Amino acid sequence: MSMEKLFLHEKAVDIIVKIYEAEKNGENAYPLSISKEVGSPYSYISKVLGVFEDNALIESEFEGRIRKVRLTEDGKKVAELLIELRKVLNRDFVARKKIKMLESVIEGVDGNTGDRALKIVLPVKAELERIRTQDQEVIERARKLMKVIEEIANAKG
């Protein structure tokens, strides 16, 4: 189970984010289209939207028989916070922990030269090559560490 699913289990997050995204794209949000996009029954979407409206996160109006919903200022703030939380929860915490540990090992190379430095950095290089992640921050930190390792290896030669 992903961290996002663990902490943001309810479809309510998807619903408020869909409204936010529609507004960002200059589109109107309708309960039926939200229902299709999040894969929940219209009755459930309507119930959640009612709770949102009761709590002043959305406002709705009818265009003929069709209900259109939009976020209030507070609703926008909540949606933005939830989007940010999703981003945080989608980080690769295991890879971040590993990269931090590898960075501290490389910091320990200071003062070591030649073969001694290589004995420290080559296992780090091997560990870096095993990291598989979509976390862009980890990828960037790994790239920087590889560059440092290359500099250390070239100084040996």
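Things to note:
- Reference-scaled alpha-carbon Rg (2.2 N^0.38 Å with N residues) for the stretch 93-156: 1.08
- On Cα atoms only, tilt of 73-89 relative to the major axis of the chain in degrees: 30
- Once both labels are positioned 7 Å from their Cα atoms along Cα-to-Cβ, the gap between R130 and E80 label points is 4.2 nm.
- Restricting the calculation to Cα atoms, every distinct pair contributes to the Kirkwood radius of the chain, found to be 19.1 Å.
- Lys, Arg +1 and Asp, Glu -1 on Cβ, resulting dipole of the stretch 27-157 about Cα centre, debye, nearest 20: 540
- Around A29: net Lys/Arg minus Asp/Glu count, Cβ-Cβ under 14 Å: -2
- Taking the inverse of the mean 1/r over every pair of distinct Cα atoms in the stretch 3-89 gives a Kirkwood hydrodynamic radius of 13.0 Å.
- Between the residues I83, S43, A22, the greatest Cα displacement towards the positive end of the dipole of the chain, with unit charges on the Cβ of Lys, Arg, Asp and Glu, is found for I83.
- If you plug the beta carbon distance of E150 and S2 into 1/(1 + (r/R0)^6) with R0 = 25 Å, you get a FRET efficiency near 0.15.
Computed from the coordinates by the stated procedures, all read-outs in this text should not be read as laboratory data. Since the model is a prediction, treat every value here as computed from it, not as a measurement. Cβ coordinates were reconstructed from backbone atoms using ideal geometry, including for glycine residues, and neighbour counts include every protein chain displayed.
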